[in-house]
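S.K.: Structure incoming, see below.
The values are calculated or read from the model by the stated rules, or taken from the named source; none is laboratory data. For clarity, every value in this text was computed on a predicted model and none was experimentally measured. Positions of Cβ are backbone-derived with ideal geometry, glycine not excepted, and every protein chain shown enters the neighbour counts. The area values use the complete protein model at the heavy-atom level, side chains included, leaving out ligands, DNA and RNA. Shrake-Rupley method; radii C 1.70, N 1.55, O 1.52, S 1.80 Å.
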Amino acid sequence: MKAQVLSATGPVEDGRLALVERPVPEPAGGEILVRVAACGVCHTELDEIEGRLPPRLPVVPGHQIVGRVERLGAGSSGFDPGDRVGIAWINWACGTCAACLAGNENLCPRARWTGKDVDGGYAEYAVVPEAFAYPIPDRFSDAEAAPLLCAGVIGYRALRLTHLDDGQTLALFGFGASAHIVIQIAKRRCPASKLFVVTRSEQHRALARKLGADWTGAPGEALPGEVHRAIDFTPVGSTVRDALAGLAPGGRLVVNAIRKRDPVPELDYATHLWHEKELKSTANVTRRDVEEFLPLAAEISIVPEVETFPLAQANEALVKLKRGAIRAAAVLTMGGGGRNGE
Ligand SMILES: [Zn+2]
Ligand SMILES: [Zn+2]
């Protein structure tokens with residue numbers, strides 16, 4: 001099979017992934033072999049490739065995988081060959097530690113992460129424990145479903161962690177793959193809430209307005225009112241400080257990023273934290289997050305906007321993502337095919 005392999009970390013502009021021929025992996029007991037149709041491209045891959053979140057090496061990245069079951073490993077019975085399934089960031093958790101037993105398998109110290117600790121979906125085939133694969137709702141194409149599996153699920157988790165009540169104002173900092181899905185959930189669940197979007201790119205501000213933002217602006221512009229809840233999707237450290245500064249008393253900021261590209265600047269207690277402001281990060285996802293979110297995405301007719309690239313152009317897609325030049329979500333498609341409309 002063809003696979004994009006990372007062997008040494010460094011700047012994505014150097015073209016760190018190499019397209020190679022590899023044997024198709026064998027599904028072990030309890031696993032399934034999946035023929036990959038599409039795999040989303042995530043900011044976390046930039047963190048892995050550039051060494052901020054060092055992966056096992058060599059590794060096949062990619063943790064937003066949509067494909068069809070090709071073969072079952074010994075003892076697997078949850079799916080049939082041909083079933084369409086998704087694979088997300090959580091590849092395995094121990095099930096016995098305190099975090100797992102409390103329902104927080106996203107915090108399991110022994111958990112394995114797809115495309116980081118085990119090979120992921122920048123390839124024609126991938127294996128996964130069947131307990132960590134999910135049916136994909138029919139209404140999404142393969143490419144549309146891919147960004148739901150991380151951008152969508154982690155956004156759903158981040159939105160839940162904000163504890164947004166209908167009528168409270170929500171600000172989204174950064175507007176890419178995850179935020180463009182979150183705004184669709186927030187509009188549906190909290191129709192009386194005002195939604196502000198702060199992002200550098202006019203292309204992203206235009207998409208935010210199209211999806212129902214009440215106000216959009218660039219970083220540094222004054223927000224048009226008090227913000228009760230905020231989510232920071234950016235790789236920029238100073239967004240944490242700026243978002244905290246704009247929170248109303250009792251407000252809460254949730255940061256949806258595994259790593260920041262640059263440090264969070266020093267916070268001033270009186271300005272950024274006093275008045276019972278809260279700051280919370282989002283770490284990983286649980287199977288429950290995926291199982292709740294996928295049917296919800298189908299039910300509320302979320303429309304993921306995707307820009308597709310052939311597997312061979314993974315490096316190009318990553319560079320474009322790093323530059324902020326992807327309009328919404330980038331997705332690799334296997335077996336030929338080019339960008340939308342080409
Ligand atoms: Zn991701
Ligand atoms: Zn555990």
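S.K.: Note down the relative contact order for region 1-133 as a percent, whole number, built from C-alpha pairs under 8 angstrom at least six residues apart.
M.R.: On the way: 323 pairs, mean separation 42.3, N = 133.
Worked out over region 1-133, it gives 32 percent.
S.K.: Quantify, in whole percent, the carbon and sulfur part of the accessible surface of region 273-334 (1.4 Å probe; protein heavy atoms only). Write out the running numbers ahead of the final one.
M.R.: Numbers: 1300 of 2630 Å².
The value for region 273-334 is 49 percent carbon and sulfur by accessible area.
S.K.: Rounded to whole Å and sorted largest first, list the principal axis extents of the Cα atoms in region 30-99.
M.R.: Principal extents (Cα only, largest first): 38, 35, 20 Å.
S.K.: Rg to Rh for region 174-213: what is it, with Cα atoms only and Rh by Kirkwood?
M.R.: Working: Rg = 9.5 Å, Rh = 10.1 Å.
Here the Rg-to-Rh quotient is 0.94.
S.K.: How large is the Kirkwood hydrodynamic radius of region 1-125, counting all unique pairs of alpha carbons, in Å?
M.R.: 15.3
S.K.: Report, for the chain, the % of DSSP beta bridges that are antiparallel, rounded to 5.
M.R.: Numbers: 32 of 58 bridges.
Bridges in the chain that DSSP calls antiparallel: roughly 55 percent.
S.K.: Given the chain, what count of lysine pairs have C-alpha atoms under 19 Å apart, with each pair 8 or more places apart or on different chains? Kindly include the intermediate steps, with their values, before the conclusion.
M.R.: Values: LYS2/LYS116; LYS116/LYS260; LYS116/LYS322; LYS187/LYS210; LYS194/LYS210; LYS260/LYS280; LYS260/LYS320; LYS260/LYS322.
Lysine pairs, 8 or more places apart or on different chains, close enough: 8.
S.K.: Pop out the carbon and sulfur fraction of the accessible area of region 192-270 as a percent, whole number, probe 1.4 Å. Please list the in-between numbers first.
M.R.: Details: 1860 of 3640 Å².
Exposed carbon and sulfur together represent 51 percent of the surface.
S.K.: Which semi-axis lengths, in whole Å and largest first, follow from the square roots of five times the eigenvalues of the Cα gyration tensor of region 185-289?
M.R.: Values: eigenvalues 87, 61, 51 Å².
Largest first, region 185-289 gives 21, 18, 16 Å.
S.K.: Apply the a/c threshold of 1.5 to the C-alpha gyration tensor of region 95-167 and tell me whether it is rounded, prolate or oblate. Intermediate values should be presented prior to the final figure.
M.R.: Numbers: a/c = 2.14, a/b = 1.08, b/c = 1.98.
In terms of gyration-tensor shape, oblate.
S.K.: Right, something else. To the nearest Å, what is the center-to-center distance of region 227-305 and region 96-128, using C-alpha atoms only?
M.R.: With region 227-305 and region 96-128 each reduced to a Cα centre, they are spaced 22 Å.
S.K.: Using a Debye calculation, one point per C-alpha and no hydration shell, please list log10 I(q)/I(0) for region 135-229 at q = 0.20 Å⁻¹ in order.
M.R.: -0.97
S.K.: Right, next: Can you list the HN-Hα couplings for region 170-184, worked out from phi with the Karplus curve (6.51, -1.76, 1.60; θ = phi - 60°), rounded to whole Hz and with x for Gly and Pro?
M.R.: 10, 10, 10, 9, x, 8, x, 4, 7, 4, 6, 8, 4, 4, 5
S.K.: On average, how much accessible surface per residue is there in region 211-342, in Å², for a 1.4 Å probe, leaving out ligands, DNA and RNA?
M.R.: Using a 1.4 Å probe on heavy atoms only, each residue of region 211-342 averages 46 Å².
S.K.: Taking θ as phi - 60°, what are the ³J(HN,Hα) couplings along region 155-169 by the Karplus curve (6.51, -1.76, 1.60), each to the nearest whole Hz, with x for Gly and Pro?
M.R.: Along region 155-169, the couplings run x, 4, 5, 4, 4, 4, 5, 6, 6, 5, 9, 4, x, 6, 7 Hz.
S.K.: Counting only other residues whose beta carbon sits under 10 Å from that of GLU292, what net charge do I get with K and R as +1, D and E as -1? Working shown, then result.
M.R.: Details: positive: ARG157, ARG160, ARG287, ARG288; negative: ASP289, GLU291.
Combined, the nearby Lys, Arg, Asp and Glu give +2.
S.K.: Under 5 Å between amide hydrogens, which residues at least 5 positions from VAL227 or on another chain qualify, with H placed 1.01 Å from N in the peptide plane?
M.R.: ALA248
S.K.: Using the per-residue mean of other Cβ atoms lying within 10 Å as a proxy for protection, in what order, highest first, do the peptides 160-168, 30-38 fall?
M.R.: On the way: 160-168: 15.9, 30-38: 24.1.
By packing density, highest mean first, the sequence is 30-38, 160-168.
S.K.: Taking N as the number of residues in region 272-342, what is its Cα Rg relative to 2.2 N^0.38 Å? Display every interim value, and only then the final one.
M.R.: On the way: Rg = 17.5 Å, N = 71, 2.2 N^0.38 = 11.1 Å.
That ratio works out to 1.57.
S.K.: While we're on this one: Under a 1.4 angstrom probe, counting protein chains only, how are ARG261, ARG252 ranked by accessible area, largest first?
M.R.: On the way: ARG261 100, ARG252 30 Å².
Ranked list, largest accessible area first: ARG261, ARG252.
S.K.: Return the Cα extents of the chain along principal axes one, two and three, sorted largest first, each rounded to a whole Å.
M.R.: The Cα atoms of the chain stretch 57, 43, 37 Å along their principal axes.
S.K.: Additional query: Just ALA243, ALA317, ALA111 to compare: in a GNM of the chain, with alpha carbon springs under 10 Å, which one fluctuates most?
M.R.: ALA111
S.K.: For region 201-218, in order, what is each residue's ³J(HN,Hα) by Karplus, 6.51 cos²θ - 1.76 cosθ + 1.60 with θ = phi - 60°, in whole Hz (x at glycine and Pro)?
M.R.: Computed from phi, the couplings for region 201-218 are 8, 5, 4, 6, 5, 5, 5, 4, 5, 4, 8, x, 4, 7, 8, 10, x, 8 Hz.
S.K.: Over the chain, what is the relative contact order in whole percent, taking alpha-carbon pairs under 8 Å and six or more residues apart?
M.R.: Details: 836 pairs, mean separation 64.9, N = 342.
Averaging sequence separation for qualifying contacts and normalising by length gives 19 percent for the chain.
S.K.: Given H placed 1.01 Å from N in the peptide plane, which residues other than close sequence neighbours of GLY67 have an amide H under 5 Å from its amide H?
M.R.: Long-range HN contacts for GLY67: ALA37, VAL85.
S.K.: Counting only helical runs of four or more DSSP H residues, what would the 222 nm mean residue ellipticity of the chain come to if each run contributes -39,500 (n - 2.57) and the total is spread over all its residues?
M.R.: Value at 222 nm, helices only: -6000 deg cm²/dmol.
S.K.: Compare HIS180, HIS43 by solvent-accessible area with a 1.4 Å probe and give them largest first, with all protein chains kept in place.
M.R.: On the way: HIS180 0, HIS43 75 Å².
Per-residue accessible area, sorted high to low, gives HIS43, HIS180.
S.K.: If a/c stays under 1.5 just call it rounded; otherwise compare a/b with b/c (prolate if a/b is bigger, oblate if not). Do that for region 279-320, with a ≥ b ≥ c from the square roots of the Cα gyration tensor eigenvalues. Before the final figure, lay out the partial values.
M.R.: Details: a/c = 2.49, a/b = 1.49, b/c = 1.68.
Since a/c reaches 1.5 but b/c is at least a/b, the shape of region 279-320 is classed as oblate.
S.K.: How charged is the neighbourhood of ASP142? Take every other residue with its Cβ under 10 Å from the Cβ of ASP142, and add Lys/Arg as +1 and Asp/Glu as -1. Provide the component values of the computation, followed by the final result.
M.R.: Numbers: positive: ARG68, ARG84; negative: GLU144.
It works out to a net charge of +1.
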